[in-house]
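**Q** Sharing a structure, written as structure tokens. Questions coming.
The values are calculated or read from the model by the stated rules, or taken from the named source; none is laboratory data. Bear in mind that the values here come from a model prediction, so they are computed numbers and not experimental data. Cβ placement follows ideal geometry from the backbone for every residue including glycine, while neighbour counts extend to all protein chains displayed.
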Ligand code: AMP
Ligand code: ZN
């Protein structure tokens, strides 16, 4: 997708600090971390938001969540816990319209979030 910063990161046209990648997704450090550990898990296939997800994205969506759990495990956060977030559209606080999963860890999170 033209003019999508996450597509540009995936293609290597923009730099990122990658922590994981496979055939379905790429995970990299958030440029403005909201926790000591904050990565974004981004599908290689562009779709704008969870609101735009279709039946065909089912496997990808599951893969993103399992990848979040795997990264959290690998980084040593499983036991203490972590927060997984998908901001969706304007009221949900989404600013980049290429669906992504936030994985935040390394501090205590309150609920409900702001
Ligand atoms: P959201 O507000 O849920 O759409 O999240 C977008 C996230 O992308 C924000 O947390 C930004 O800090 C992050 N972000 C924006 N540009 C970059 C970039 N070039 N590299 C890494 N993270 C980015
Ligand atoms: Zn994109």
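**Q** Within the stretch 23-42, which residues are outside any strand (DSSP E or B) and either within 16 Å of residue 84 (Cβ to Cβ) or touching a residue at least 12 places away in the same chain (Cβ under 8 Å) (or both)?
**A** As a first pass, look at the stretch 23-42 and keep what is outside any strand (DSSP E or B): 23-24, 30-36.
Residues satisfying the conditions are 23, 24, 30, 33, 34, 35, 36.
**Q** Looking only at the stretch 28-56, which residues are surrounded by 17 or more Cβ atoms within 10 Å (Cβ to Cβ) and farther than 21 Å from residue 91 by Cβ?
**A** Hits for the stretch 28-56 are 28, 35, 37, 38, 39, 41, 42, 43.
**Q** Need pairs with beta-carbon distance below 6 Å; first residue part of a helix (DSSP H, G or I) and within the stretch 43-55, second exposed (fewer than 15 other Cβ atoms within 10 Å of the Cβ); sequence gap 6+ or separate chains.
**A** Listed by first residue and then by second, the contacts come to 51/89.
**Q** What number of residues within the stretch 14-40 are touching a helix residue (DSSP H, G or I) at 6+ places or on another chain (Cβ under 9 Å), away from ligand 1 (no atom under 11 Å from the Cβ) and over 15 Å from residue 64 (Cα atoms)?
**A** Final tally of qualifying residues: 1.
**Q** Collect the residues in the stretch 35-56 that are over 13 Å from the mean Cα position of the chain (by Cα) and closer than 14 Å to residue 103 by Cβ, keeping them in residue-number order.
**A** 35, 36
**Q** Hey, another quick one. Take the residues in the stretch 8-22 that are touching a strand residue (DSSP E or B) at 6+ places or on another chain (Cβ under 9 Å) and in a helix (DSSP H, G or I); name whichever of them is surrounded by the most Cβ atoms within 10 Å (Cβ to Cβ).
**A** 10
For (1) in contact with a strand residue (DSSP E or B) (Cβ under 7 Å, 6 or more places away or on another chain); (2) away from ligand 2 (no atom under 16 Å from the Cβ); (3) modelled with pLDDT under 95, each residue gets a yes or a no:
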position: 29; (1), (2), (3): yes, yes, no
position: 32; (1), (2), (3): no, yes, no
position: 41; (1), (2), (3): yes, no, no
position: 83; (1), (2), (3): yes, yes, no
position: 97; (1), (2), (3): no, no, no
